[in-house]
Amino acid sequence: MIDLHCHTLHSDGTDTPERLALLADEARLTALCLTDHDTLGGIPAFLAMQPQVKVRLLVGTELSCRFLGRSLHVLGLLVDPADACFQARLGDLRGRRDDRNRRMIARLAELGCPITYEEVQAQAETPLLSRVHFAKALAARGFVRRAPEAFERLIGDDCPGFVPREELSPAEAARWIREAGGVPVVAHPGRFANGGFRWDEAMQDLQREGLEGLEGYYGEYRAAEQKYFVALAARLGMVVTGGSDYHGGNKPGLRLGSGRGGLKVPDDLLERLETQQKNGTYR
């Protein structure tokens with residue numbers, strides 16, 4: 001089994017790149033790809049573990065795009081970590097994230113939930129701040145009872161405290177990833193919209209914009225969702241990937257490699273992904 005989607009920067013701080021490599025070995029995975037948001041910062045330490053583990057360690061990242069008025073995540077799998085242009089582009093994205101975070105602090109203050117940038121930072125083990133850390137800071141101040149409630153009431157996509165950041169178009173994200181030698185893949189499409197949304201036409205639109213694959217296997221999919229997305233990829237001739245979207249303690253019960261328990265990402269998907277990387281054509 002392989003896992004092409006996991007995080008350290010969105011975990012609870014206990015999962016370093018080195019620990020992830022060891023956990024993957026313990027889980028007897030064939031390959032593991034680290035895909036932190038907007039950065040390749042953990043990749044050097046991750047790859048340095050290769051001599052110590054049997055699992056094959058791979059390079060990736062995850063970018064946020066705007067699609068149909070909502071945030072769509074795109075995985076950049078097998079990108080070149082030495083690509084200076086791509087690193088500069090990721091630095092720009094992190095700047096946009098920081099700007100959004102400061103505007104969201106101002107918005108929350110207007111809503112009667114004043115928290116400081118430092119309070120949010122205190123919830124993170126790394127410089128990369130996300131809404132997960134906002135949720136924890138809001139809970140720590142007593143504005144919500146538990147962190148998940150912050151997403152339900154304040155900082156979820158459709159909530160009054162949410163401030164969108166300037167996001168890429170899918171075409172731009174795909175181009176950046178391709179120019180860095182990687183394969184652009186739609187991450188967890190099943191999480192993109194609730195109830196009744198059909199991907200048949202939407203995925204064709206994304207394919208025309210340069211997306212070459214989709215996450216058909218995912219740590220939180222139901223069996224019907226997995227079947228649907230794997231079949232959709234086959235119909236469209238897109239490469240299929242899969243991963244747990246492991247976040248450590250920030251997603252309790254979700255394990256590296258196995259998700260909620262039923263995830264099994266076939267090894268042969270990696271070979272097909274590498275063919276896609278080399279030829280730009282799904283075979």
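The values are calculated or read from the model by the stated rules, or taken from the named source; none is laboratory data. The shown structure was predicted, so the numbers you read here are calculated from the model rather than taken from an experiment. Positions of Cβ are generated from backbone atoms using ideal geometry, with glycine treated the same way; all protein chains shown enter the neighbour counts. Protein only, heavy atoms only, side chains kept; ligands, DNA and RNA dropped before computing areas. Shrake-Rupley method; radii C 1.70, N 1.55, O 1.52, S 1.80 Å.
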Report task. Look through region 151-167, keep the residues that are without any contact (Cβ under 8 Å) to a residue 40 or more places away in the chain and either open to solvent by 30 Å² or more (accessible area, probe 1.4 Å) or part of a helix (DSSP H, G or I) (or both), and return whichever of them is nearest to Ser244 (Cα to Cα). Result -> Phe151
Report summary line: Note: among Arg131, Arg102, just one is within 30 Å of Leu40 (Cα to Cα), of a type in the set (D, E, K, R) and over 18 Å from the mean Cα position of the chain (by Cα), namely Arg102
Query - Matching residues, region 131-150, being part of a loop (DSSP other than H, G, I, E, B) and either open to solvent by 40 Å² or more (accessible area, probe 1.4 Å) or aromatic (Phe, Trp, Tyr) (or both) - result: Arg141, Gly142, Phe143, Arg145, Arg146
Query raised in the report: When you scan region 168-283 for helices (runs of 4 or more DSSP H) that lie fully inside it, which ones turn up with 1 or more residues that are open to solvent by less than 60 Å² (accessible area, probe 1.4 Å), more than 29 Å from Gln87 (Cα to Cα) and not polar (S, T, N, Q)?
Result: 199-208, 223-236
Query - Close pairs (7 angstrom Cβ cut-off, 6 or more residues apart or separate chains): open to solvent by 40 Å² or more (accessible area, probe 1.4 Å) in region 94-109, assigned to a helix (DSSP H, G or I) anywhere - result: Arg102/Tyr117
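Conditions (1) of a type in the set (Gly, Ala, Ser); (2) over 18 Å from Gly60 (Cβ atoms); (3) out of contact with any Lys or Arg (no Cβ under 9 Å at 6 or more places or on another chain), marked per residue:
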position: Phe229; (1), (2), (3): no, yes, yes
position: Met238; (1), (2), (3): no, no, yes
position: Gly243; (1), (2), (3): yes, no, yes
position: Gly249; (1), (2), (3): yes, yes, yes
position: Gly257; (1), (2), (3): yes, no, no
position: Val265; (1), (2), (3): no, no, yes
position: Gly280; (1), (2), (3): yes, no, no
Report summary line: Within region 47-88, the count of residues that are assigned to a helix (DSSP H, G or I), surrounded by fewer than 21 Cβ atoms within 10 Å (Cβ to Cβ), in contact (Cβ under 8 Å) with a residue 40 or more places away in the chain and touching a helix residue (DSSP H, G or I) at 6+ places or on another chain (Cβ under 9 Å) comes to 1
Query raised in the report: Checking Lys278 against (1) free of Cβ contacts under 8 Å to residues at least 24 places away in the same chain; (2) under 30 Å from Phe134 (Cβ atoms); (3) not hydroxyl-bearing (Ser, Thr, Tyr), which test does it fail?
Result: (2)
Requested in this report: Quick one: in region 234-254, of everything that is in contact (Cβ under 8 Å) with a residue 24 or more places away in the chain and hydrophobic (A, V, I, L, M, F, W, C), which residue is nearest to Asp15 (Cα to Cα)?
Outcome: Leu254
Query raised in the report: Can you tell me how many residues in region 24-44 are under 19 Å from the mean Cα position of the chain (by Cα), surrounded by 15 or more Cβ atoms within 10 Å (Cβ to Cβ) and in a helix (DSSP H, G or I)?
Result: 2
Query raised in the report: Are any residues in region 120-150 of a type in the set (A, V, I, L, M, F, W, C) and in contact (Cβ under 8 Å) with a residue 60 or more places away in the chain, and if so, which ones?
Result: Ala124, Leu128, Val132
**Report entry** Check on Arg97, basic (Lys, Arg) and either part of a helix (DSSP H, G or I) or within 16 Å of Pro164 (Cβ to Cβ) (or both)
**Finding:** yes
Query raised in the report: Does region 225-254 hold any residues that are among the basic types (Lys, Arg) and modelled with pLDDT of 90 or more, and which are they?
Result: Lys227, Arg235
**Report entry** Scan of region 211-232 for residues that are touching a strand residue (DSSP E or B) at 6+ places or on another chain (Cβ under 6 Å) and in contact (Cβ under 8 Å) with a residue 24 or more places away in the chain, ordered by number
**Finding:** Leu211, Glu212, Gly213, Leu214, Glu215, Gly216, Tyr217, Gly219, Phe229
